[in-house]
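Reading through the structure tokens given below for one structure.
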Amino acid sequence: MKKFITALILTALVSACSSTETMTRQEKNLAYQDYITKQQLPSLDKVRTFKMRGWQALSDEFLIVSAAHKKQYLLELEGFCPDFDFSQGIVIKQSNHSSLTTKFDSVAALNAPGVKCFIKAIHPVTREQVQELTAIGKPEAA
């Protein structure tokens with residue numbers, strides 16, 4: 001088990017070191033906003049029967065969460081939300097245990113659970129849109 005965990009950590013470190021960012025956080029946040037506008041992504045006030053299965057940080061204001069039934073959502077957060085890049089997990093604080101709601105629910109990094117980042121918008125996204133969003137700010141393949 002120790003060898004598996006060590007291999008997993010090394011893989012994560014190598015992949016983190018090999019990905020060079022080409023944009024600042026502010027530029028990425030603007031690019032995500034632009035993507036939402038150009039793709040005309042719908043904005044939901046509430047997702048009923050929400051149960052998180054996974055997550056991926058995009059920046060200090062945007063992250064993708066995976067839910068049951070292979071649904072994915074782009075969460076836009078209020079203001080600067082630190083530590084998502086370095087956190088091993090996140091906590092979603094829901095006002096209702098079975099749904100995800102804008103303005104009332106918040107997200108926090110596990111290593112900074114006291115910092116509440118309220119959800120400003122919830123955008124349902126497809127697998128292809130997730131790939132496009134995660135490619136923003138990464139160097140293009142030659």
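The values are calculated or read from the model by the stated rules, or taken from the named source; none is laboratory data. Everything numeric in this text was worked out from a predicted model, so none of it was measured. Heads up, the Cβs are rebuilt from the backbone with ideal geometry, glycines too, and the neighbour counts pull from every protein chain shown.
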For the condition surrounded by fewer than 16 Cβ atoms within 10 Å (Cβ to Cβ) and either of a type in the set (S, T, N, Q) or closer than 22 Å to THR134 by Cβ (or both), what is the one hit in LYS93, LYS103, LYS70?
LYS70
Within region 61-113, how many residues turn out to be charged (D, E, K, R), at pLDDT 85 or above and touching a strand residue (DSSP E or B) at 6+ places or on another chain (Cβ under 6 Å)?
5
Taking region 14-48, which residues are under 16 Å from the mean Cα position of the chain (by Cα), modelled with pLDDT of 90 or more and either of a type in the set (D, E, K, R) or exposed (fewer than 11 other Cβ atoms within 10 Å of the Cβ) (or both)?
LYS28
Of residues in region 115-126 being surrounded by fewer than 18 Cβ atoms within 10 Å (Cβ to Cβ) and touching a strand residue (DSSP E or B) at 6+ places or on another chain (Cβ under 7 Å), the one nearest to GLN40 (Cα to Cα):
PRO124
Just give me the residues in region 49-67 being surrounded by fewer than 12 Cβ atoms within 10 Å (Cβ to Cβ) and part of a strand (DSSP E or B), in sequence order.
GLY54
Mind checking whether some residue in region 125-141 is farther than 23 Å from LYS38 by Cβ and either out of contact with any Asp or Glu (no Cβ under 9 Å at 6 or more places or on another chain) or part of a loop (DSSP other than H, G, I, E, B) (or both)?
no
